[in-house]
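**Q** The following block contains the structure, expressed as structure tokens.
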Amino acid sequence: MKYTIACLAEAGRFDFYEADDEPGPRQVMINIKGCGLCNWELNFFDGSLNYMGYPHKLGHEYSGVVHSVGADVTSLKAGDKVSAFEHGFGGFAQYRVVDEASCEILADHIDPKYAMGEPQKCIVTVLRAAAPETGDFGVMLGAGPMGLWCIQSLSGKTLSALIAIDIDDEKLKMAKRFGATHTINSLKEDAAARIREISGGHMADFVIEGTGLPALLNEAQNYLRAGRGRLILMSSHHDAGEFDFRRAIDLGLEIRVAHPPYSRNERDDFRRAVHLINNNTFVNEPLVTHEYKLSNIQRAFEDLQSKPQGFIKGIVVPD
């Protein structure tokens, strides 16, 4: 079956190609309904990373509807709504052939256009690294899409407080809507002093860093309690920066880099993430502020790079 796929023709420029695929015996062909824009993929857009030369496929946060199945597929059928996770790219396309085992079925009430299971698989990895305990004071540093998903899944009655920190009041309003008990605009307030006040001097038991700004990793240390406070590195940092280990040593911090290699089992984290999509723990549609047709993918990545006013999460949908 022939279909269109968008690939990087060179750093900073997308072009369109014709692909021709059919599912193999244990594979399915997915009619893609939506694919998320990921900040990590900016490393490929600007040429910092390149795994396969040009043209280079991108797109890994995709979901859709099963179009056709291979001869030996037993768990899926045409018409099933699915999210897929695999170590590869190809989601910026009309269709994608993947292994049956890479898919999880979405519930009937879920719109696959917004069901980005892969980044929420990463959230599950982060949450398991944070290991929240009953009565903890938790801090989410950065209220972008990943931070807001963390807040959605941490909200409830088991934490003493769930504190969101950002410099954008609109994002902080959304964090409050999704379950943050307190919000701090760090341009207007001393965040460490506010955390001390909120926690009665205890400080945070864990901080999840979701800004991607290396300097804030040092600032995050000031939010944590002494004695095995947990600093969770969630962001993909484009710049190296410098980290002050003297402060970490003084406080006896635990630093956990909650990226895919940290996961106990990525496939199982993905399974868990789709369950959380299906039971409405993860609510995706309100976070999607920008939607682009596949034919407009160049603009999509330019906006992902520049982050226009109000940008939280962007998706690409087939024309």
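**Q** Trp40 versus (1) in a strand (DSSP E or B); (2) touching a residue at least 60 places away in the same chain (Cβ under 8 Å); (3) within 22 Å of Ser102 (Cα to Cα); (4) of a type in the set (A, V, I, L, M, F, W, C): which is the lone unmet condition?
**A** (1)
**Q** Let me ask something else. Of (1) without any contact (Cβ under 8 Å) to a residue 24 or more places away in the chain; (2) assigned by TED's automatic domain parsing to the domain that holds Ser63, Lys157 satisfies all except one. Which?
**A** (2)
**Q** Looking for something among the β-branched types (Val, Ile, Thr) and in contact with a Lys or Arg (Cβ under 6 Å, 6 or more places away or on another chain) - is there at least one such residue anywhere in the stretch 57-70?
**A** Yes; the residues of the stretch 57-70 include at least one that is among the β-branched types (Val, Ile, Thr) and in contact with a Lys or Arg (Cβ under 6 Å, 6 or more places away or on another chain).
**Q** In the list Gly138, Gly147, Gly156, Gly142, which residue meets the criterion of being more than 17 Å from the chain's Cα centre (by Cα) and surrounded by 21 or more Cβ atoms within 10 Å (Cβ to Cβ)?
**A** It is Gly138.
**Q** Would you check which residues across the stretch 87-111 are assigned to a loop (DSSP other than H, G, I, E, B), within 17 Å of Gly36 (Cα to Cα) and touching a residue at least 24 places away in the same chain (Cβ under 8 Å) and list them?
**A** Of everything in the stretch 87-111, those that are assigned to a loop (DSSP other than H, G, I, E, B), within 17 Å of Gly36 (Cα to Cα) and touching a residue at least 24 places away in the same chain (Cβ under 8 Å) turn out to be Gly88, Phe89, Gly90, Gly91, Phe92, Gln94, Leu106, Ile110, Asp111.
A quick yes/no check of all residues on (1) acidic (Asp, Glu); (2) in contact with a Pro (Cβ under 8 Å, 6 or more places away or on another chain); (3) over 23 Å from Pro260 (Cβ atoms):
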| site | (1), (2), (3) |
| --- | --- |
| Lys77 | no, no, yes |
| Phe85 | no, no, no |
| Ala93 | no, yes, no |
| Ala101 | no, no, no |
| Ile110 | no, no, yes |
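**Q** Another question, then. What is the one condition in (1) over 15 Å from Arg128 (Cβ atoms); (2) free of Cβ contacts under 8 Å to residues at least 24 places away in the same chain; (3) within 17 Å of the chain's Cα centre (by Cα) that Ile249 does not satisfy?
**A** Every condition holds for Ile249 apart from (3).
**Q** If you scan the stretch 107-164, which residues turn out to be in contact with a Lys or Arg (Cβ under 7 Å, 6 or more places away or on another chain) and under 20 Å from Arg194 (Cα atoms)?
**A** Passing the criteria: only Ala143.
**Q** Taking the condition part of a strand (DSSP E or B) and assigned by TED's automatic domain parsing to the domain that holds Glu291, does Leu49 pass?
**A** Considered against the rule, which asks whether it is part of a strand (DSSP E or B) and assigned by TED's automatic domain parsing to the domain that holds Glu291, Leu49 comes out as no.
**Q** What pairs come up if the first residue lies in the stretch 164-190 and is outside the structural domain of Ala143 (by TED's automatic domain parsing), the second is at pLDDT below 95, and their beta carbons are under 8 Å apart, counting only those six or more places apart or on different chains?
**A** Once the first residue is outside the structural domain of Ala143 (by TED's automatic domain parsing) and sits in the stretch 164-190, no partner that is at pLDDT below 95 comes close enough.
**Q** Do we have Leu49 as buried (at least 22 other Cβ atoms within 10 Å of the Cβ), within 28 Å of Gly212 (Cα to Cα) and among the aliphatic types (A, V, I, L, M) here?
**A** So Leu49 does not fit the description; no.
**Q** Taking the criterion of being out of contact with any Phe, Trp or Tyr (no Cβ under 7 Å at 6 or more places or on another chain), crowded, with 16+ Cβ neighbours inside 10 Å and either of a type outside the set (A, V, I, L, M, F, W, C) or over 21 Å from Ala191 (Cα atoms) (or both), would at least one residue in the stretch 238-252 satisfy it?
**A** Looking for residues that are out of contact with any Phe, Trp or Tyr (no Cβ under 7 Å at 6 or more places or on another chain), crowded, with 16+ Cβ neighbours inside 10 Å and either of a type outside the set (A, V, I, L, M, F, W, C) or over 21 Å from Ala191 (Cα atoms) (or both), one finds none in the stretch 238-252, hence no.
**Q** Among the numbered criteria (1) without any contact (Cβ under 8 Å) to a residue 40 or more places away in the chain; (2) in the same structural domain as Arg228 (by TED's automatic domain parsing), which one does Gly144 miss?
**A** (1)
**Q** Look at the stretch 119-135 and say how many of its residues are surrounded by fewer than 24 Cβ atoms within 10 Å (Cβ to Cβ) and charged (D, E, K, R).
**A** Residues in the stretch 119-135 being surrounded by fewer than 24 Cβ atoms within 10 Å (Cβ to Cβ) and charged (D, E, K, R): 2 in total.
**Q** Could you list, in sequence order, all residues of the stretch 70-94 that are among the small types (Gly, Ala, Ser) and surrounded by fewer than 19 Cβ atoms within 10 Å (Cβ to Cβ)?
**A** The answer is Gly70, Ala71, Ser75, Ala78, Gly79, Gly88.
The values are calculated or read from the model by the stated rules, or taken from the named source; none is laboratory data. Not measured: the values here are computed from a predicted model. All Cβ positions, even for glycine, are placed from backbone atoms using ideal geometry, and neighbour counts span all protein chains on display.
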